[in-house]
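The values are calculated or read from the model by the stated rules, or taken from the named source; none is laboratory data. Since this is a predicted model, take the numbers as computed values, not measurements. Neighbour counts run over all protein chains shown; Cβ positions are idealised from the backbone, glycine included.
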Amino acid sequence: MYQRERERERERDYREEMARSTGKDAQALFHSLRSAYAATPTTLKIIDLYMGFAVFTALIQVVYMAIVGSFPFNSFLSGVLSCVGTAILAVCLRIQVNKDNKEFKDLPPERAFADFVLCNLVLHLVIMNFLG
Amino acid sequence: MVSGGSDSNSHLFLPQSLTTSFQSCLPHNIFLNVWGDGINCWQALSQSDGRWRYSSNNPESSTFAAGIALEALSGVVSLASSEIDQFMIGAVKNDIVKLFDSIEKYDDGTFYFDEKLVNMREQQGPLATTSSVVRGLTAFSSVITESLNLPGDKILGIAKFFLGIGIPGDTKNFFDQVDLLACLENNRVSIPLILSLPSTVISLTKKDSLKVKVNTVLGSHAPPLTVTLVRAFSSSARDNSIIENQELKFDPQDAVYFLDDLPASFDVGEYIFVFKMLVQDSEQQTVYATGTLTQVPIYVTGLIKIENAKIAVLDSDLGSVETQKKLDLAGESTVSVSANHLQKLRLSFQMSTPLGNAFKPHQAFLRLRHETKVEHTFVVGSSGKKFEITLDFLGLVEKFFYLSGRYDIQLTVGDAVMENSLLREIGYVELDLPEPPENASRPPPQPVDPYTRYGPKAEITHIFRAPEKRPPEELSLAFLVLTILPLFGFIIGLLRLGVNLKNFPTSAVPATFAVIFHLGIAAVLLLYVLFWLKLDLFTTLKTLCFLGVFLMVVGHRTLSHLASASAKLKSA
């Protein structure tokens, strides 16, 4: 009987330790990610910020649609898809501009930026047409 | 005109009017040869049956040609009156009599001449042929001294033929008709006298009298006559004559012969009156053709008494009367009865003539019309004066297509001699019939009122789609602000990252291009805003083309400058 209690105590201690360690592990992971991210060049950070801004805007529009219903559905779609589309184009730009990416070593970043601008303009023309 | 050669004898046929005018204006001795030529023609062209040929070449003989020949011969006789050979005149008279042997007739006593030629291109009809013959013979009879002995009833028959054809549609036929009647009006053969009645309907209620007129063919006065009603009998009982040998009195004012009062035994119905007329002056009897007897159908009309009209509903099995209502057929009142399929409907009434005899009308119908306009007609049977019809609904259920409901009853009683014929809505019967079985026949479709089918239809009011529920304006504005917020967040983030414009070209030309590049992008975005607000796609695309090309040129310049600048930096 005494032995069983001791076993249970040992199990409890073990679980607490695991929890603590996972908590500690999560924190350690988060810290490492932050420090790694701080090392990225500023241009990429700008693009990431732009992406976040676009996705956040899309989320707000979805919340609005959830509240009021999707009556002018074309407007909702054009709004959400413009945000999502520009975010995707930003991702493409980030891939092409990133110096660590071996595939696009020979592509000058200005060229990638020009493509980004052109594609955005076309996207926004279509969006404006669909906006209604 | 007149010629000596024998081959041109056909030119001798001149109308009599022309010869008369020649006779009056030219001296007499020029026409010495006329008589000789006339005899030559007669010998050459007249046939033994009274007909003539058109020319010596044509073997066919024609009655029409005979008429023309007689007319011409009458002209010849009037021109050469001193040379007349009585033998020839007699021969021509015989020819005329023989010509009358070929006359044709109809059963009603009318006579006419007709052609039966084979080779002639133009076949003259009976009107033209008869007219030509009568013209010829009346002309001939007017120039000779003796009289032609022609049967007067045939002349009268010809007159009746031409009076009986109405107004011909063809102008030539109309001329022939009027010309013939004018010839017969006053001729030396025999003048036909026509008996006619202004009205062949005598009304007992109005106490009409029988009136008879006698005239010549064109309506001129006839000489004094004795007109007798030889016999009058009902068309259903021909042997029993009601009136015999009644002389009609003459009314000089209206020039009619009339019979004052019909005897009291005249009931309503159809009769045939037979008349005979005789010229009073016995010397003039040969001048006029009166014929023998003239039969005229006469209708005597009157009010028929309809009484004891009643409608009853009977029980089918026992025949006992369940409801009985009196009908007033002369008035306007209506009755209503109700019956089911186990019962019978009986309508009965009595009809009698003014003299109290039984009367059978031409039409005695009972019609039942349903609300859906489906109709059924029945004949009302009679025995003597009593008229009765019994509708046994048990047997009629299928004929009525199992339609229950209200049936309008319509009674029709009519006849030509009935002055008070009636077609009346008597009332209605509520009929209760059983339900139709599966395979019962449907009633025939009734004709649709064309106005309901082809007339204007009801107006359709378009119900527009109810507009969707829109969110309140404040909520929308709030979310508009919320959507703009991430932009500010982006700008704040950019500032926190420490962005700078260090790479912006500083020297003049590239700087301008860079500025223009940014302005170009702004212009395109502004164009998009205008497009959303008011422009259409085509103008937008047109403007976008120009802006786009411009932007690409400027952008290429700017970005290539930047690229070369950074490349220089990398290599250095």
B:Gly498 vs. criteria on the phi > 0 side of the Ramachandran plot and within 13 Å of chain A (Cβ to nearest Cβ)
yes
In the list A:Leu121, A:Leu59, which residue meets the criterion of being out of contact with any Ser or Thr (no Cβ under 8 Å at 6 or more places or on another chain), modelled with pLDDT of 90 or more and over 21 Å from B:Ile484 (Cβ atoms)?
A:Leu121
Out of (1) within 27 Å of B:His518 (Cβ to Cβ); (2) at the interface with chain B (Cβ under 10 Å from one of its Cβ atoms), the odd one out for A:Leu44 is which?
(2)
Right, B:Leu487: without any contact (Cβ under 8 Å) to a residue 24 or more places away in the chain, assigned to a helix (DSSP H, G or I) and surrounded by fewer than 10 Cβ atoms within 10 Å (Cβ to Cβ) or not?
no
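Residues to consider are A:Thr43, A:Thr86; find the one that is touching a residue at least 12 places away in the same chain (Cβ under 8 Å), of a type in the set (S, T, N, Q), under 20 Å from B:Ser566 (Cβ atoms) and assigned to a helix (DSSP H, G or I).
Answer to the selection: A:Thr43.
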Among the candidates B:Leu482, B:Leu533, residue that is facing chain A (nearest Cβ under 7 Å), loosely packed, with under 15 Cβ neighbours inside 10 Å, free of Cβ contacts under 8 Å to residues at least 24 places away in the same chain and aliphatic (A, V, I, L, M):
B:Leu482
Count of residues meeting criterion [of a type in the set (A, V, I, L, M), loosely packed, with under 10 Cβ neighbours inside 10 Å and within 14 Å of chain A (Cβ to nearest Cβ)] in the stretch B:442-477
1
Residue that is surrounded by 17 or more Cβ atoms within 10 Å (Cβ to Cβ) and either touching a strand residue (DSSP E or B) at 6+ places or on another chain (Cβ under 9 Å) or of a type in the set (A, V, I, L, M) (or both), where the choices are B:Phe111, B:Phe140:
B:Phe111
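I'd like to check something: does the stretch B:83-95 contain any residue that is in contact with a strand residue (DSSP E or B) (Cβ under 7 Å, 6 or more places away or on another chain), buried (at least 17 other Cβ atoms within 10 Å of the Cβ) and farther than 16 Å from B:Cys41 by Cβ?
Applying the first criterion (in contact with a strand residue (DSSP E or B) (Cβ under 7 Å, 6 or more places away or on another chain)) to the stretch B:83-95 yields B:95.
In the following step, the residues that additionally are buried (at least 17 other Cβ atoms within 10 Å of the Cβ) were identified as B:95.
Now narrow it down to the ones that are farther than 16 Å from B:Cys41 by Cβ: none.
Looking through the stretch B:83-95, none of the residues is in contact with a strand residue (DSSP E or B) (Cβ under 7 Å, 6 or more places away or on another chain), buried (at least 17 other Cβ atoms within 10 Å of the Cβ) and farther than 16 Å from B:Cys41 by Cβ.
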Here is a check on your reading of the model: is A:Ile127 within 30 Å of B:Glu468 (Cβ to Cβ), touching a helix residue (DSSP H, G or I) at 6+ places or on another chain (Cβ under 8 Å), facing chain B (nearest Cβ under 8 Å) and of a type in the set (Val, Ile, Thr)?
no
Condition check: of a type outside the set (Ser, Thr, Tyr), more than 16 Å from B:Leu411 (Cβ to Cβ), over 40 Å from the mean Cα position of the chain (by Cα) and surrounded by 14 or more Cβ atoms within 10 Å (Cβ to Cβ). Does B:Ala312 satisfy that?
no
Any chance the stretch A:55-73 includes a residue that's closer than 29 Å to B:Val554 by Cα and either within 12 Å of chain B (Cβ to nearest Cβ) or hydroxyl-bearing (Ser, Thr, Tyr) (or both)?
no
